[in-house]
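Quick notes on the structure that follows.
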Amino acid sequence: MLSEGHTAIVHFVGDVKPWMEWCNPPVAKLWWHYARQIDSGHVQPTRIRTANQARRLAQILDRNEGLIRPSARWKSMVPPPFKTAVRALLGRA
């Protein structure tokens, strides 16, 4: 919970931001937790629309595999139309 005198700003450098569906899920989850407290519903997630975005999410999830237990659940978030393309791009077709 945000409280007066205990606020901070975190700048996300790089091209993947927490509101993008292909962001690292634990980072996005934390960001959305606070975004919902600050915003009145105006911020909407940027949906995965390309195979490259889906591939980037799959790569992040692969890196997280040993770090976060529920990574299989996060992998299920990759939209079905992109799963075949992602498997092919990762050499797992």
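Would you please give the residues with an amide H less than 5 Å from that of MET20, counting only those at least 5 places away or on a separate chain, with H modeled from the backbone geometry?
THR46
Sorted by packing (mean other beta-carbon atoms within 10 Å per residue), highest first, where do 23-33, 44-54 land?
The densest-packed peptide leads the list: 23-33, 44-54.
Using the per-residue mean of other Cβ atoms lying within 10 Å as a proxy for protection, in what order, highest first, do the peptides 11-20, 55-64 fall?
55-64, 11-20
We did not get these values from a lab; they are worked out from the coordinates using the rules stated. As the structure is a prediction and not an experimental result, all values here were calculated from the model. Note: ideal-geometry Cβ built from the backbone for every residue, glycine included; neighbour counts use all protein chains shown.
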